[in-house]
Amino acid sequence: HLMHHIENVVHWVLMSTKAGSEVLFEKVGNAGVITLNRPKALNALNLTMIRHIYPQLKKWDKDSETDLVIIKGAGDKAFCAGGDIRAITEAGKAGDSLTQDLFREEYILNNTIGTYQKPYVALIDGITMGGGVGLSIHGRFRVATEKTLFAMPETGIGLFPDVGGGYFLPRLQGKLGLFLALTGFRLKGRDVQRVGLATHFVQSDKIVSLQKDLVDLKSPSNSDVAQLLDSYQEQMGFLYMFVFVGLLLFCCFRLFSAGSVEEIMENLKKDGSAFALKQTETLAKMSPTSLKLTFRQIQEGERMSLQEVLVMEYRLSQACMRGNDFYEGVRAVLIDKDQSPKWKPSTLSGVSEQAIEECFSSLGERDLKL
């Protein structure tokens, strides 16, 4: 038994040093706690982190002494601001296999979270975007705070809202998911829970005590965890909830119910309200190819299981790696920061149905297997 314990300790030490402690694992009571630990990079998720989290989740799933998993971010700014886009860009230019491996392993991890048997609690206290959404949204419990900033901003860098976006976005009310997917609109604080992206809303100064209470639960079921989270939940004024989200849902439903991205643009132009003008401006900055890919992704995803969506999204990710807009978007938004990407094609009408169709076709042997 002691030998086993020593091996475990050695394993921990090795894991910590090897990952440069970019992700930390602790057993606290009967809870496994994952801390994304790159606060300077807003806890952005890289392949090393994915390669540590995945086996750890598998291990805890089988371990009779682990009843619950909690995932959180270090520092006070972010849960996880996204995937390690720079690394993928460099790999893509160099023809490195990271462009295949990162997406593949990240999506496998998303699916593991989506099918996890034990209660899984993501404390999304701070910026939660892209890859960070993938680590939280598929888990059973997502706790937002007033510091939560939620978005899927991928169309602005020539990608599409992946990590299972094609599954959870079309399942939001009305056309909200399509709106979030195309515009990268940022939801804040309570609104993240009101629209159903978070399951609970708790003030961020109560998160530490919430975590302590979670860890103290004795072999909790999902309903025990739900009960505890409910007891922390801030009750919200019905009126306020109704006003903001009601208005947003109404606008999205009216303007984003359409058979194509072009039709949405028409709706927005005709409407002419301040909200519509702002969305027109936003969409005009996005990659036309990404907009059309995303429109179709959300449409298809509505009828698919999470697994089918991830297989589809893996195909799309590889199509983006072969194209122009991703590299150009990253250059304009993240590297040179001139915010003026040269998209190819540069207009919606320039993006053919055939070009989009090809992005969805099977990769044969290289398809994602879950």
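The values are calculated or read from the model by the stated rules, or taken from the named source; none is laboratory data. Bear in mind that the values here come from a model prediction, so they are computed numbers and not experimental data. Using ideal geometry, Cβ is built from the backbone for each residue, glycine included, and neighbour counts are taken over all protein chains shown. SASA here: full protein model, heavy atoms, side chains in, ligands and nucleic acids out. Shrake-Rupley method; radii C 1.70, N 1.55, O 1.52, S 1.80 Å.
Quick one: work out the % antiparallel among DSSP beta bridges in the chain, nearest 5. Bridges in the chain are about 30 percent antiparallel.
Counting only protein heavy atoms and using a 1.4 Å probe, the accessible area of R51 comes to about 120 Å². When the P(r) of the chain is calculated, the portion above 35 Å amounts to 24% of the C-alpha pairs.
Starting from the Cα gyration tensor of region 120-199, take the square roots of the eigenvalues, sort them a ≥ b ≥ c, and report rounded, prolate or oblate (rounded when a/c is under 1.5, otherwise prolate if a/b is larger than b/c, else oblate).
Values: a/c = 1.44, a/b = 1.40, b/c = 1.02.
The shape class here is rounded.
Available extension along the chain between K344 and F275 is 22.1 nm, counting 0.36 nm per residue and deducting the alpha carbon span.
Per residue of the chain, the DSSP helices (runs of n ≥ 4 H) give a summed -39500 (n - 2.57) that works out to -15500 deg cm²/dmol at 222 nm. Candidate cross-link partners of K342 among the aspartates and glutamates, defined by an alpha-carbon separation under 14 Å and a same-chain spacing of 8 or more, comprise D325, E328.
For K269, give me every one of the aspartates and glutamates with a C-alpha distance below 17 angstrom, ignoring sequence neighbours fewer than eight places off in its own chain. Filter leaves E281.
Across region 168-184, rounded Karplus estimates of 3J(HN,Hα) from the backbone phi angles (6.51 cos²θ - 1.76 cosθ + 1.60, θ = phi - 60°) give 7, 5, x, 8, 7, 5, x, 9, 4, x, 5, 4, 4, 5, 7, 8, x Hz, Gly and Pro being marked x.
As a fraction of the 1.4 Å probe accessible area of region 67-156, surface on carbon and sulfur atoms comes out at 45 percent. For a straight C-alpha distance cut-off of 16 angstrom, the aspartates and glutamates reachable from K206 (same-chain residues fewer than eight places away being disregarded) are D76, D125, E146, D216, D230, E234.
Could you tell me which of rounded, prolate or oblate describes region 84-225, using a ≥ b ≥ c as the square roots of the eigenvalues of the alpha-carbon gyration tensor, with rounded for a/c under 1.5 and, failing that, prolate when a/b is larger than b/c and oblate otherwise? Verdict is prolate for region 84-225. Once you list every other residue whose beta carbon is under 9 Å from the beta carbon of W343, what net charge do they have if Lys and Arg are +1 and Asp and Glu are -1? Taking every other residue near W343 into account, the sum is 0. Close amide H partners of I70, meaning residues 5 or more places away or on another chain with modelled amide H under 5 Å apart, are G32, V33, I34, V121.
A DSSP coil position with no more than 10 other Cβ atoms inside 10 Å describes none of the chymotrypsin sites (Phe, Trp or Tyr not before Pro) in region 33-112. When Rg and the Kirkwood radius Rh are both evaluated on Cα atoms of region 279-351, their ratio Rg/Rh stands at 1.01.
PRE reach from I108 (point 7 Å along Cα→Cβ): which of region 335-370 fall under 20 Å by backbone N? Of the residues in region 335-370, 363-370 have backbone N under 20 Å from the label point off I108.
Counting only protein heavy atoms and a 1.4 Å probe, the chain has 45 square angstrom of accessible area per residue. Annotation: average projected area of region 212-328 is 11.8 square nanometres, based on the convex hull of Cα atoms across all directions.
Work out how much length S361 to D224 would gain on full extension: take 0.36 nm times their residue separation and subtract the Cα-Cα distance, in nm to one decimal. Provide the component values of the computation, followed by the final result.
Numbers: separation 137, 0.36 × 137 = 49.32 nm, distance 4.38 nm.
Length gained, S361 through D224: 44.9 nm.
Structural descriptor for the chain: relative contact order 16 percent, calculated from alpha carbon pairs under 8 angstrom and at least 6 residues apart. Quick check: from the Cα gyration tensor, does region 310-356 come out rounded (a/c under 1.5), prolate or oblate? Here region 310-356 falls in the oblate category. Too long at a 24 Å Cα-Cα cut-off: which of K118/K147; K27/K72; K59/K218; K27/K118; K175/K278; K270/K292? As for pairs spanning more than 24 Å Cα to Cα, those are K118/K147. A convex hull fitted to the Cα coordinates of region 289-331 yields 61 cubic angstrom per residue.
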